[in-house]
Structures are given as C-alpha cells and as structure tokens.
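What follows is a single structure, written as structure tokens, with notes after it.
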Amino acid sequence: MLITGRSCRIAGLTGIFAMVMPLTIQGQESANERNARSLIHEAINDSRLITLSGNTRPEAVAANDAGRIPDSTELEHMMLQLRRSAAQEAAAGKFIDDLHNPSSPNYHHWLTAAQFGDRFGASPDDIAKITSWLEQRGFRVNRVYEGGTLIDFSGNAAQVASAFHTEIHRIRTGDETHIANMSDPRIPEALAPAIAGVVSLHDFKPHPLLTPKTKYTIGAGVFAVSPADLATIYNFNPVFSGGNTGQGQNVVVIEDTNVFSTADWATFRSKFGLSGFAGGTFVQAHPGGCTNPGVNGDDVEAILDAEWASAAAPSATITLASCANTLTTFGGLIAMVNLLNSASPPPIVSVSYGECEAFNGAASNAAYSAVYQQAVAEGVSVFVASGDEGAASCDANVRKATHGIGISGFASTPYNVAVGGTDFGDTFSNTTSVFWNTTNTPTFGSAKFYIPEIPWNDSCASSLIAIFEGFASTVGTGGFCNSAAGKANFLTTAAGSGGPSGCATGTASISGVVSGSCAGQVKPVWQAGVPGIPPDGVRDIPDVSLFAANGVWGHYYPFCWSDTARGGAACTGDPSGWSGAGGTSFGAPIMAGIQALVNNKKGGPQGNPNYVYYGVAAAQYGAGGLTACKSNLGPGAAASCVFYDVTAGDMDVNCTGTHNCFIPSGVNGALVTATAQAYRAGAGWDFATGLGTVNVANLVAVWP
C-alpha cells in the first residue's frame, strides 16, 4: 500500500475444530503399567527438602525488596509442572517423531488429551500423592489436567511460604511494583522426581511482541504492507484463486485480553477487501470457563493477531482464546492449557508473547515445552513469534542490550514453529519503483511481485543501515553507533529475534544472562539436513520468517485498533492514518493462517509443521536452491522455490557492558558471539531468518 507524501508521523500506538482419530495407539499402556512408572517411592518427609533451582526472577533481590505481602493474599490458579523419567521423556519424543513419519504405524494418529495423559503423563499414583500433599497444606486443587503434566491449584501467600519454603514479597523495579518469590521454592525430597516446579510464583507477565511504527524513517518512500500486498509478495493469490481461502478451518490466537471492539476486525476486512471472501468469522472465547479478562493494554496485540490471521486465511474462523491473568499465571497459558485439554482441541494456535529463557525460569520453560508437546501429539500446529530484540531477548523494549545473547523460552521448544522477522531491501538498493506501483488498487495494494528481503533490524548495529548512512563500521569511536545520528535515532534492540537455546534449564549465575548451570533445549531431529544449521546440539531459532518491520526502511503493517484511550487510532479514511506497527507478532498469526490453507488442502491437522519445512528446505537447498532461491533475486528467483533464502544483512543490535558485547572503542558496541556478529544472514539456514521466507502457493502445493 503506497502512502503518499514524505511524512513519517507515528501511527496510533503507544508504546469446527480438529478431528481427533479414535484409534488404538501402537504400544498403548495398561493402568498397571502406568502405575509401574511411578517416580515417588519414599514417604513424604517435610524435613528433607530439595531446591527447585532456576525459579526466581532476577528482579527479586534485596535492593528491590519492598516487604512481604499479606499472608492472606490469594494466589489463584498456580500451575505445578510435573516431571517424567528420562525413559518416559525419550518415549514421548520418539512417539512425536513417529506421528510425523509416514513410515510409522502411528503416522498422524493424533491423541486425545486423555490418551496423551495415559501414555505420557504422570502416573495416577504419583498424581494422587502430589494432590494429597497439596491439600494437606491447605491448597485447593482446582484441576488435574487430562494431559497428566499440570496441576492447577490455589492458596494464599502463607500456604505458599509454608509448603514451598519461599516468601512472596513486593518488588519495586523502576516505576513498577510487582510481587515475586524471594528464593527458589523447596519441596520434600520424596516429591522431587515427579515435580519440575511451580510455573511461577510472581506477577511478571510475558510481553506482546509488537513494535510501534518508528518515528524515524530513512529513504524516500513509505509503503504500508496491506493484505493485498502480502498476498502478492508471498504468492497467496494462486491458492486463493484456486478456491482455497481457509474455509472450514479454525485459527486460534492466544491472548490474555479481549479486543477493544469486534467492529475493528470487520472494518479491517471491509477496508482491505477481505469481506468478499465467504465464511470468515471472528469469535472470542474463554476456554474451560476461565475468567473473562475484559480489555487491558494487550488488546492491541489481540486485534492485530486476529486481523492478520484473517488476512492469510480470509475464509477461516479466527478464534480469540483468552483468560484473565492471575497474580501468578499468564492468562494466555491458562487459555491454551484449557483448550488442549478439551474434547475438541483447535488444529492451529498462534502465540505472540514472549519472555527470554533466563527470565522465564526453568519451571516455566518446562511448562511451555510440555504444553506444546501435548499440542503436537493432538495434531495441533503451534506458531510462536520469535521475538523483537535481535539475539538479546532479555533486553526487550530498551535502547541497548546488556544481558548478552538469549532467546525466548516461549519460542525455543522443539514443538513449535518459531517465526522470525524480515524487512524489504528495496529502499537500501534504491529500487522501490521496481517493486511498488505509484498508485493503490481499490484494496490498497501496490506491490508488484516478490521483493528482496533483509533481516528486520532498526539498530545502529545493522551493517546495512550504517552503510546507507555513510559509515564504514557500526562500532568504534568513528562507528555509526557512536555517531550523533546513530545515538539520536538508532540506539534500540528492535529487530527480529533468533539464536541458540541457552537457558531452558538450570540456573543463571548472573541475573538474566546465559551463565551458571544454564543449558539449552536439545536440538530436535527435524532441525537437520539444511546448510547453515550449526552443529551446536541445541534448538536454534527461528524456523521461518516473514515481513515484520516497523518502518525504519519505510515499510510497516497497518491495522485497525480504535482504542484511542490506549494509543489506538480511529479506523476511518485512508489506512495510512490507522495504527501501524511491526514485530514478529504479525508473522506468527500469518503463518498460522498459511497453515489453515495447508490443512484445508490436506483435509485435517498436521501437527508440527517443522518436520515438513526442514524436509522441503533440505531438498530445495540441496538441489541448487542456494543459488536459484536467493531472496535478492526478487521475482527472478526460480518459480519452484518454496523458501526464499535471505542472505544479505543482519539482525545485530547495539549493546554496552561485557556480555557478548564488542566495544573496540567508544561507548556503544555490537552484540557478538566468540567469532562473529550476532547474527548475519547467510546461505541456507541462519539465526537471522531461519530457513527464509515462504512462497505460499508452492508450500501448499508441495506439502506431502
């Protein structure tokens, strides 16, 4: 969508379901076998305790301590994450692989939540002992989830202190006041083999992954990416014209809020020509009868997720599933767990929130991995935004990275698709007129065809921005990050995220830094076979990317969010006056919408798409695709390309301090590994954009 004029003003921002096959599963266990795998073998002795390490927020230190909260403070819907034996964990992983292996008798034989719990959940005997222990200490056990990996319980602060041997205090950080446990929880040693931890004992919530439209734009033009542009650039149109627009599919966006106005979704579709596709509907639901959250400051995330999922699958049902946050639990987690343990789990889920592994904590990281694993076993495809902070996900929404390299624990599990972010390279190459028309269509489309892409990066540490601004280097006294222009407009961590999993388990010895006993998620079997994947033994993200920029090179997403009291804009007139933003939170629901097109064609749920993505990419990049499918070829890329390989630019961000920060001179440096920038795009897979971006028609066509 062409936006006329050179104005760079900020746009309106502050800051049904899947069929489950009732089949006999190969190797299904009996009740006796389930009890035989019990892990609790000793009498529970409260005087013999063990610490659940890695479960204290870094902010919970004496300098921030504002005193203990009242003992009577109610802590609703805490989540106890259960643990499996190593053998059972391996069996679950093997079974997930078999579900995606066409040669296996279990191929696509998705489980119900109860079947998953019977086979891979905690034993009934262990669950009985744990729930009895909780109740004896005064807690209310609200629900033992059918999947057998989570127990929902409630109590007060005094009961938490008594049972888990940690006090809950008020924590003051800057202008905010929170509550948090002041030390890692401790539990009886006898229970430790079966309990991974309490998912959280604090009220720090994950952040939505959108970045407001930048106040400063370089280059000569501003082109907002409309749904029509998206369809042209990523080749949706052959799928749409072939009659596949996601009809009969359901895409669920996970939230902790309702939208401000459901009319915004209808206005977005009407203005951009999507209402012409029959069948598209929008539903808000509160799974499992959870508390309706109403509208809060995250409603901006909720509406853009719903609108852009619909842009990718305009005839699908878009369901916003939300639950209210409690003092200790993210409402989005409650919503997703309730959905997955229902009789009809959704086939596709999108998550646009995140928190770095080192802040998230070992128990919470384990919880998201377990929840997504159950989802995949049920056939659910889970898409998660990789983050908006380059490789510095512990430094979200700040002007500089100080915690070194770290990635989101929401996105780093082996069971989700992590969606990264790109920008378009036409402004850098001074070729905007080649790729964009000078006028819009009636649905505000102006893109001509596929546009070469670069990693999304607003930082002065971007080598491309530095070059464009006339600097030979990003760092050093004479580098762009230490120049007047760089410091004025480009000190930021805003960039598409990627990197290696580093602190999914263990305890950081330095607050928020991958250190101490931190360890990453193990590399999944499907993350192989593609040039560029590092032999590092851990899960690396992202998997795929889509456009996610917020305007630094003149490109961003418009959306209808009429909550003007919280920074929205009236959805009237030309969409250039609507709210505008970027972020990987756009990519996740769009990829979820693309999956709806796949599911529609294939006639059912597909589980974890990464098994297909990496297999297709291995074939493409091993057969000349490293040359023929380079993104910088633009429309000259081979017609058969499923992935466009982004090879130019980087998602490096500026930093200070000593953690992965290279400062040869001056004040501001750039994030680095031991040997290179963190991180550059390159041939094949890379930390900046994963496998690259997608040609939707080709992806749908080759899906096996």
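The values are calculated or read from the model by the stated rules, or taken from the named source; none is laboratory data. Everything numeric here is computed off the predicted structure, so don't read it as measured data. Here the Cβ is made from the backbone with ideal geometry for all residues, glycine too, and neighbour counts use every protein chain on show. Accessible surface areas use protein heavy atoms only, side chains included; no ligands, DNA or RNA. Shrake-Rupley method; radii C 1.70, N 1.55, O 1.52, S 1.80 Å.
Each peptide in 442-448, 558-564 gets a packing score, the mean of other Cβ atoms within 10 Å over its residues, and the list from highest to lowest is 558-564, 442-448.
Taking label points 7 Å from Cα along the Cα-to-Cβ direction, S47 and E74 give a separation of 3.6 nm. Quick one: net charge of R143's neighbours, Cβ under 14 Å, K/R +1, D/E -1? Net charge in that neighbourhood comes out at -3. Each peptide among 414-423, 428-437, 637-646 gets the average number of other Cβ atoms lying within 10 Å of its residues, and from highest to lowest they stand as 414-423, 637-646, 428-437. The mean sequence distance of close C-alpha pairs (under 8 Å, at least 6 residues apart), as a share of the length of segment 533-676, puts its relative contact order at 12 percent. The antiparallel fraction among DSSP beta bridges confined to the chain stands at about 60%. Treating the Cα atoms of segment 527-606 as identical point scatterers in vacuum, please give the log10 of the normalised Debye intensity I(q)/I(0) at q = 0.20, 0.21 Å⁻¹, two decimals. Once normalised to I(0) and log-transformed, intensities are -1.00, -1.03. Taking the Cα of A87, stepping 7 Å toward and past its beta carbon, and measuring to each backbone N in segment 98-129: which are under 15 Å? Zone members listed by number: 120, 123. If you take all other residues with their beta carbon under 11 Å from the beta carbon of P345, and give Lys and Arg +1 and Asp and Glu -1, the sum is -2.
The relative contact order of segment 471-581, computed from alpha carbon pairs under 8 Å that lie at least 6 residues apart in sequence, is 15 percent. Work through the residues other than A504 whose Cβ is under 11 Å from its Cβ and net out their charges, Lys, Arg +1 and Asp, Glu -1. Charge balance in the 11 Å sphere: 0. Sorting 373-383, 203-213 by average packing, meaning the other beta carbons within 10 Å per residue, from highest down gives 373-383, 203-213. Centroid-to-centroid, using Cα positions, segment 63-86 and segment 92-140 are 24 Å apart. Couplings 3J(HN,Hα) of segment 237-253, computed from phi: 4, x, 5, 4, 5, x, x, 9, 10, x, 4, x, 9, 10, 10, 9, 9 Hz, in residue order, whole Hz [Karplus 6.51 cos²θ - 1.76 cosθ + 1.60, θ = phi - 60°; x for Gly and Pro]. Largest first, the three principal axis extents of the alpha carbons in segment 55-198 are 59, 35, 24 Å in whole numbers. Of all DSSP-defined beta bridges confined to segment 208-353, some 5% are antiparallel rather than parallel. Across segment 489-625, the convex hull enclosing all Cα atoms gives 216 Å³ per residue. Three principal axis extents of the chain based on alpha-carbon atoms, in descending order, are 74, 57, 48 Å. Over segment 191-301, the alpha carbon radius of gyration divided by the compact-protein estimate 2.2 N^0.38 Å works out to 1.49.
Ligands, DNA and RNA left out, the accessible area of segment 592-674 computed with a 1.4 Å probe is 58% carbon and sulfur. Relative contact order of segment 657-704: 17 percent, from C-alpha pairs under 8 Å at least 6 residues apart in sequence. Exceedance of the 27 Å cut-off in Cα-Cα distance is limited, within the set K215/K400; K487/K523; K213/K448; K205/K400; K94/K602, to K487/K523. Given the DSSP H assignment, sum -39500 (n - 2.57) over each helix run of at least 4 residues in the chain and divide by its residue total; what's the result at 222 nm in deg cm²/dmol, nearest 500? Result for the chain: -7000 deg cm²/dmol, rounded to the nearest 500.
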